[in-house]
Amino acid sequence: MENEAGKLVRIGIFGGTFDPIHVGHLAAAVNAKSGANLDNVLMVVANIPWQKDGLRKVHPAQERLALVEAAVSGVEGLEACDLEIRRGGQSYTIDTVIEIKKRFPGDELFLIVGADVASEFDTWEGVDDLAALVTLVIVNRPGSNRPTNLGAVWNYLEVEVPSLDISSTDLRARAIEGRPLDYLIPSSAIQYIREHKLYGQDEQ
Ligand code: ATP
Ligand code: MG
């Protein structure tokens, strides 16, 4: 498919557990979109993130998806994507990318990852297949070094984004301890959390 400028559509795929989504994710997504000239960014909510499976309680996928939907509503070019939830089971990025490629065969696919994730690719399923299908867009993240030695396997580019030292892990702790979430999570998503009593002490 071509975009309005008559060029191949460039789709960004930004996967995460988003438990919960925060402004670090969103700033990374919009800056990766503009820095890599992407037409849109799919915020792909993991169903069961295999890296976290069994290590801690992950909140239900539908709740995490609802928060992403609330967070991106009205933001041009960012879309909540439930593909991994509809597929069910453990979520592997290679399966997701193959599905998106089938749906949009003529488009260019860009996989957006933070520096922490980019340093862990040696543990991923189907890395070589993935590398053949996508260009990586690596965004900086406080506390994580730039990954090295990617060039042998991947086509990649690095996009500088505002360094926001925010993590879902910290936000879950804040919620339990009653510390503020404001300005770290978009207000639309905070409203959903409050209305549905998510991330409260009683449900941990
Ligand atoms: P957790 O602490 O539960 O692991 P998280 O904040 O790391 O949560 P994830 O859902 O694990 O969020 O991350 C999804 C993607 O977003 C990953 O590629 C990660 O590197 C990236 N990311 C998360 N937070 C930031 C941030 N503050 N700046 C840049 N990238 C980020
Ligand atoms: Mg993480």
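The values are calculated or read from the model by the stated rules, or taken from the named source; none is laboratory data. Not measured: the values here are computed from a predicted model. In this analysis, Cβ positions are derived from the backbone assuming ideal geometry, glycine residues included, and neighbour counts consider all displayed protein chains. Accessible surface is based on the protein model in full, side chains and every heavy atom, while ligands, DNA and RNA are left aside. Shrake-Rupley method; radii C 1.70, N 1.55, O 1.52, S 1.80 Å.
Model label points for residue 103 and residue 34, set 7 angstrom from Cα along the Cα-to-Cβ axis, are 2.7 nm apart. Relative contact order of the stretch 10-165: 26 percent, from C-alpha pairs under 8 Å at least 6 residues apart in sequence. DSSP assigns beta bridges within the chain; of those with both partners inside it, close to 5 percent run antiparallel.
The loop-placed GluC sites (Glu not before Pro) in the stretch 84-129, going by DSSP, that have at most 14 neighbouring Cβ atoms within 10 Å of their Cβ come out as 120, 125. Phi-derived couplings, Karplus 6.51 cos²θ - 1.76 cosθ + 1.60 at θ = phi - 60°, listed residue by residue for the stretch 28-39: 4, 5, 6, 6, 5, 4, 6, x, 9, 6, 8, 7 Hz, with x used for Gly and Pro. Measuring only protein heavy atoms, the 1.4 Å probe finds residue 177 accessible over about 120 Å². At the residue level, residue 144 shows approximately 40 square angstrom of accessible surface with a 1.4 angstrom probe and all protein chains present. Roughly what angle does helix 93-103 make with the longest principal axis of the chain, taking Cα atoms, 0 to 90 degrees, to the nearest 10? That works out to roughly 60 degrees. Carbon-plus-sulfur accessible fraction, the stretch 10-165 (probe radius 1.4 Å, protein heavy atoms only): 47%.
Can you tell me which of 30, 75, 159 moves the most in a GNM of the chain? Springs connect C-alpha atoms under 10 Å apart. Per the Cα network of the chain with a 10 Å cutoff, 75 tops the list.
A 1.4 Å probe run over the protein chains yields, for the chain, 51 Å² of accessible area per residue, whole-number rounding.
Between residue 177 and residue 94, the simple spin-label model (points 7 angstrom out along Cα→Cβ) gives 4.0 nm. Only Lys, Arg, Asp and Glu carry charge here, each on its Cβ (+1 for the first two, -1 for the last two); on that basis the stretch 1-129 has a dipole of about 240 debye about its Cα centre. Accessible surface comparison of 167, 73, probe 1.4 Å, protein chains only, largest first: the order is 73, 167. Here the stretch 31-80 and the stretch 110-173 have alpha carbon centers that stand 15 Å from each other. Solvent-accessible area of residue 116, all protein chains in place: 50 Å² (probe radius 1.4 Å, heavy atoms, ligands and nucleic acids excluded). Per the Debye formula on identical point scatterers at the alpha carbon atoms of the chain, with no solvent, log10 I(q)/I(0) at q = 0.13, 0.14 Å⁻¹ is -0.70, -0.82. Against the chain, whose longest principal axis is taken from its Cα atoms, helix 61-72 shows a tilt of about 80°. For the stretch 1-88, chymotrypsin sites (Phe, Trp or Tyr not before Pro) are listed when DSSP marks them as loop and at most 16 other Cβ atoms sit within 10 Å of their Cβ; the list is 50. For the stretch 129-204, chymotrypsin sites (Phe, Trp or Tyr not before Pro) meeting the loop criterion (DSSP other than H, G, I, E, B) and having at most 12 other Cβ atoms within 10 Å: 183.
Of the cross-linked pairs 33/197; 33/102; 7/102, those separated by over 24 Å at the C-alpha level are 33/197.
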